[in-house]
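K.L.:
Quick one: the structure is below, and I'll ask about it shortly.
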Amino acid sequence: MVETDVALPSSPLVPGVSPVRVHVREAGCGRPILVLHGGWGYAIYPFDDQMAALGARRRFLIPDRTGYGASDPLDIQRTDFHQRAAEESLGVLDALAIDRAALWGHSDGAVIALRVGLMAPHRVEAIVAEAAHFFRRKPRSRAFFETMRDAPERLGDRVVATLAREHGARWRSLIATNGDAWLRIADEASSDAADLYDGRLSQLAVRTLIVHGARDPRTEPGELDALRAAIPGAKAAILDAGGHSPHSEPATSEEVTRIVSEFLR
């Protein structure tokens with residue numbers, strides 16, 4: 001794997017800052033696939049198995065979103081951070097001189113990938129939306145987000161060690177800002193049915209695969225059905241043994257890699 005930095009003229013995630021440095025991992029060769037990580041960053045749910053299996057025909061590009069990993073820091077995640085990150089993702093493609101790429105987004109990254117598809121379908125070959133969120137209000141996860149905001153050290157020794165290794169001394173504030181953003185997203189929602197795509201997901205004109213673990217603790221009752229209904233043409237792979245990260249879980253990783261490989265082929 002090769003790691004480098006790209007300089008963006010600006011990013012909506014950190015208004016008024018120029019340039020903005022974004023760290024990018026790269027592996028493999030062939031048609032590009034942009035991997036968009038979730039709210040804890042890349043290292044907690046890595047794509048090692050996928051890069052090993054698909055790297056002969058796919059060029060993996062994995063940026064650290066601003067605020068994460070080796071990219072420039074941020075102080076706050078606004079409630080529209082998914083849209084801001086979608087705009088930054090297009091800026092990363094521009095900086096890498098890539099006109100069109102497949103997108104594989106996980107968790108927050110899946111929301112970002114779907115928003116990129118709504119914004120710029122001509123830039124997107126296909127979308128893999130893994131562990132995607134749909135509702136703005138997620139009451140079953142509220143206590144989890146409060147822990148992220150108020151006491152991230154309680155997330156568990158392995159999680160904390162990984163977060164500290166990837167994000168350094170700022171890991172606590174980073175995770176707290178993400179948890180706080182999700183709490184405010186819920187509080188600002190107009191109704192329990194309000195979604196993260198402003199009701200526009202049915203307009204998505206990009207070939208899409210929904211990958212989801214049936215045991216995902218971050219999924220609300222009815223949320224996956226609502227997501228699938230909002231994208232009538234999407235394919236779906238629901239893994240019975242999968243949790244929040246089917247691509248990196250031993251029970252499902254191989255199956256996810258096979259399904260995504262066939263979809264992208």
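K.L.:
When you scan the stretch 171-179, do you find a residue that is of a type in the set (Val, Ile, Thr) and closer than 24 Å to residue 84 by Cβ, even just one?
P.N.:
yes
K.L.:
Let me ask you something else. Quickly run through the stretch 175-192 and pick out the residues that are in a helix (DSSP H, G or I) and more than 21 Å from the chain's Cα centre (by Cα).
P.N.:
Start the filter on the stretch 175-192 by keeping residues that are in a helix (DSSP H, G or I), which leaves 175-188.
Within the stretch 175-192, 187, 188 meet the criteria.
K.L.:
Related question: Given the structure, is residue 97 hydrophobic (A, V, I, L, M, F, W, C) and either within 18 Å of residue 110 (Cα to Cα) or surrounded by 21 or more Cβ atoms within 10 Å (Cβ to Cβ) (or both)? So that I can check it myself, show each step before the final result.
P.N.:
Details: hydrophobic (A, V, I, L, M, F, W, C): yes; either within 18 Å of residue 110 (Cα to Cα) or surrounded by 21 or more Cβ atoms within 10 Å (Cβ to Cβ) (or both): no.
Considered against the rule, which asks whether it is hydrophobic (A, V, I, L, M, F, W, C) and either within 18 Å of residue 110 (Cα to Cα) or surrounded by 21 or more Cβ atoms within 10 Å (Cβ to Cβ) (or both), residue 97 comes out as no.
K.L.:
Being assigned to a helix (DSSP H, G or I) and within 25 Å of residue 250 (Cβ to Cβ) narrows it down to one of 27, 56, 52, so name that one.
P.N.:
It is 52.
K.L.:
Go through (1) within 28 Å of residue 244 (Cβ to Cβ); (2) within 20 Å of the chain's Cα centre (by Cα) for residue 20 and report which single condition fails.
P.N.:
All conditions are met except number (1).
K.L.:
Taking residue 234 and the conditions (1) out of contact with any helix residue (DSSP H, G or I) (no Cβ under 8 Å at 6 or more places or on another chain); (2) in contact (Cβ under 8 Å) with a residue 24 or more places away in the chain, which numbered condition does it fall short on, given that it satisfies the others?
P.N.:
(1)
K.L.:
Then there's this: Test residue 144 against the criterion of being touching a residue at least 60 places away in the same chain (Cβ under 8 Å) and crowded, with 22+ Cβ neighbours inside 10 Å, and give yes or no.
P.N.:
Here the answer is no, as residue 144 does not meet what is asked.
K.L.:
Where residues in the stretch 193-226 are part of a loop (DSSP other than H, G, I, E, B) and in contact with a Leu (Cβ under 7 Å, 6 or more places away or on another chain), which of them is farthest from residue 112 (Cα to Cα)?
P.N.:
Among those that are part of a loop (DSSP other than H, G, I, E, B) and in contact with a Leu (Cβ under 7 Å, 6 or more places away or on another chain), it is 214.
K.L.:
Going through 200, 215, 228 one at a time, which residue ends up being on the phi < 0 side of the Ramachandran plot, modelled with pLDDT of 95 or more, touching a helix residue (DSSP H, G or I) at 6+ places or on another chain (Cβ under 9 Å) and basic (Lys, Arg)?
P.N.:
Of 200, 215, 228, the one residue that is on the phi < 0 side of the Ramachandran plot, modelled with pLDDT of 95 or more, touching a helix residue (DSSP H, G or I) at 6+ places or on another chain (Cβ under 9 Å) and basic (Lys, Arg) is 200.
K.L.:
Give the residue that is nearest to residue 13 (Cα to Cα), with candidates limited to residues of the stretch 91-104 that are under 14 Å from the mean Cα position of the chain (by Cα) and of a type in the set (A, V, I, L, M).
P.N.:
103
K.L.:
Name, by its number, the condition in (1) part of a loop (DSSP other than H, G, I, E, B); (2) within 24 Å of residue 244 (Cα to Cα) that does not hold for residue 75.
P.N.:
Going through (1) part of a loop (DSSP other than H, G, I, E, B); (2) within 24 Å of residue 244 (Cα to Cα) one by one, residue 75 breaks only (2).
K.L.:
OK, next. Pick out the one residue from 51, 119 that is surrounded by fewer than 24 Cβ atoms within 10 Å (Cβ to Cβ), in contact with a Phe, Trp or Tyr (Cβ under 6 Å, 6 or more places away or on another chain) and either more than 25 Å from residue 239 (Cα to Cα) or modelled with pLDDT of 95 or more (or both). First the steps, then the outcome.
P.N.:
Numbers: 119 fails: in contact with a Phe, Trp or Tyr (Cβ under 6 Å, 6 or more places away or on another chain).
Within the list 51, 119, the selection yields 51.
K.L.:
Turning to a different aspect of this structure: Considering only the stretch 151-174, how many residues are of a type in the set (Asp, Glu) and either buried (at least 18 other Cβ atoms within 10 Å of the Cβ) or not in a helix (DSSP H, G or I) (or both)? Talk me through it step by step, then tell me what you get.
P.N.:
Narrowing the stretch 151-174 to residues of a type in the set (Asp, Glu): 153, 157, 166.
Imposing the further condition that a residue be either buried (at least 18 other Cβ atoms within 10 Å of the Cβ) or not in a helix (DSSP H, G or I) (or both) reduces the set to 166.
Final tally of qualifying residues: 1.
K.L.:
Pull out all pairs, ordered by first then second residue, where Cβ-Cβ is under 8 Å, the residues are six or more apart or on different chains, the first lies in the stretch 67-95 and is under 18 Å from residue 129 (Cβ atoms), and the second is in a helix (DSSP H, G or I) and among the β-branched types (Val, Ile, Thr).
P.N.:
Filtered contacts from the stretch 67-95: 82/111; 82/112; 85/112; 86/112; 86/116; 89/112; 89/116; 90/116.
K.L.:
Okay, moving on. Give the residues of the stretch 235-254 that are crowded, with 17+ Cβ neighbours inside 10 Å and either within 18 Å of the chain's Cα centre (by Cα) or not in a loop (DSSP other than H, G, I, E, B) (or both), sorted by residue number. Explain how you work it out, then say what you get.
P.N.:
Step one: filter the stretch 235-254 for residues crowded, with 17+ Cβ neighbours inside 10 Å, giving 237, 239, 242-249, 252-253.
Within the stretch 235-254, 237, 239, 242, 243, 244, 245, 246, 247, 248, 249, 253 meet the criteria.
The values are calculated or read from the model by the stated rules, or taken from the named source; none is laboratory data. None of the values given here were measured: they were computed from a predicted structure. Note that each Cβ is placed from the backbone with ideal geometry, even for glycine, and that neighbours are counted across all protein chains shown.
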